[in-house]
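The values are calculated or read from the model by the stated rules, or taken from the named source; none is laboratory data. Here the structure is a predicted model, which means the values were calculated and not measured. Note: ideal-geometry Cβ built from the backbone for every residue, glycine included; neighbour counts use all protein chains shown. For accessibility, only protein heavy atoms count, side chains too; no ligands or nucleic acids. Shrake-Rupley method; radii C 1.70, N 1.55, O 1.52, S 1.80 Å.
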Amino acid sequence: MKANLFVNWRTYKKIRAQAIDGMRFNDRRGQLICGLFVRVDVLSQDIIRILKADASAGCAPLLRCAFESYIDLKCLKEDEEYIYEFEALHVDSEIKYYKFYDEDNKYFPQIGANEAKKKVAALKDKKEELLAGRKKVMSIKDRFEKAGELGAYFTIYHTLSNFTHPSITALSSQVEGSNYVLNKKPHDSAYNFLFSSAINVACAALVETLEAMEHNRHFEKELLNNVERVNKKCPKGDKVSADELGG
């Protein structure tokens, strides 16, 4: 199984090299779409490297990030106006950062309380402009729904989130009795789940990118065929238990 998945990953890399050759973007939307694809691709590569080292604990957070970028990519491809929502997410994060400015907190830059307040005010105006009057940015659930991936939110994304945060599930998966299992290798089912998911999200992101950029779209079929081969080896019905995914 592992050897077959390595073949599927190498197939993806070969297609990717040809598919993105000569790709160029001419506007902000194209730049963001290409940037999101690169993020998915790089995160997927990191997951593969971790799995090659017979480890797995760091894969769930990376895969969760890759899925989030894939969702933003799909939203941006389907709706040009989503660029404002995407940029508002960053602005909202900055507001939260400066809103809790404390001059006694050594981790804040030395800008002063008044300047921090001015930044918050300016950022709020920018956020309101980007969101056309709405007060809140879309939740991650809403973004999945907009991308037509609500099913993935309640299943795969939910599972990955459980292992990204220090939940009881995540912690117990690394403990057996009173002993910490520091050198435990991932079970085959966990290995296959993480490896196949990394390939699938990378292939899917590239398909969406080629479609959005109207570039080398004849490679889309090869990518989808590769996903089909991966899924035949790792059926969706296979479940990964908590102790297995914890690795």
Practice item. Would you mind stating whether residue 29 is assigned to a helix (DSSP H, G or I), touching a residue at least 24 places away in the same chain (Cβ under 8 Å) and open to solvent by 20 Å² or more (accessible area, probe 1.4 Å)? Key: yes
Study note, to complete from the structure: Across region 141-153, the tally of residues that are out of contact with any Lys or Arg (no Cβ under 9 Å at 6 or more places or on another chain) and either more than 22 Å from residue 212 (Cα to Cα) or polar (S, T, N, Q) (or both) stands at 2
Practice item. Please enumerate the residues belonging to region 1-26 that are farther than 21 Å from residue 189 by Cα, without any contact (Cβ under 8 Å) to a residue 24 or more places away in the chain and either part of a helix (DSSP H, G or I) or open to solvent by less than 40 Å² (accessible area, probe 1.4 Å) (or both). Key: 13, 14, 17
**Study point:** Selected residue (criterion: modelled with the highest pLDDT) from residues of region 183-242 that are surrounded by fewer than 21 Cβ atoms within 10 Å (Cβ to Cβ) and β-branched (Val, Ile, Thr)
**Key:** 207
Revision key, fill the gap. Note on region 43-59: residues of a type in the set (Gly, Ala, Ser), at pLDDT below 95 and either in a helix (DSSP H, G or I) or within 17 Å of the chain's Cα centre (by Cα) (or both) are 56, 57, 58
Study note, to complete from the structure: Of the residues in region 1-38, those that are more than 22 Å from the chain's Cα centre (by Cα) and among the β-branched types (Val, Ile, Thr) number 1
Review point. How about region 85-114: which of its residues are without any contact (Cβ under 8 Å) to a residue 40 or more places away in the chain, out of contact with any Leu (no Cβ under 6 Å at 6 or more places or on another chain) and of a type in the set (D, E, K, R)?
Key: 96, 99, 102, 103, 104, 106
Practice item. Would you point out the residue of region 92-114, among those that are in a loop (DSSP other than H, G, I, E, B) and open to solvent by 60 Å² or more (accessible area, probe 1.4 Å), that is nearest to residue 128 (Cα to Cα)? Key: 100
Study note, to complete from the structure: Those residues of region 81-91 that are out of contact with any Lys or Arg (no Cβ under 6 Å at 6 or more places or on another chain) and either more than 17 Å from residue 133 (Cβ to Cβ) or in a helix (DSSP H, G or I) (or both) come to a total of 7
Point to revise | Tabulated pairs, region 202-226, first farther than 12 Å from residue 15 by Cα, second open to solvent by less than 10 Å² (accessible area, probe 1.4 Å) and part of a loop (DSSP other than H, G, I, E, B), C-beta under 7 angstrom, 6+ apart or interchain | key: none
**Study point:** Lone qualifier among 117, 135 - being within 30 Å of residue 157 (Cα to Cα) and either free of Cβ contacts under 8 Å to residues at least 24 places away in the same chain or assigned to a loop (DSSP other than H, G, I, E, B) (or both)
**Key:** 135
**Study point:** All positions within region 1-20 that are among the small types (Gly, Ala, Ser) and at pLDDT 95 or above
**Key:** 17, 19
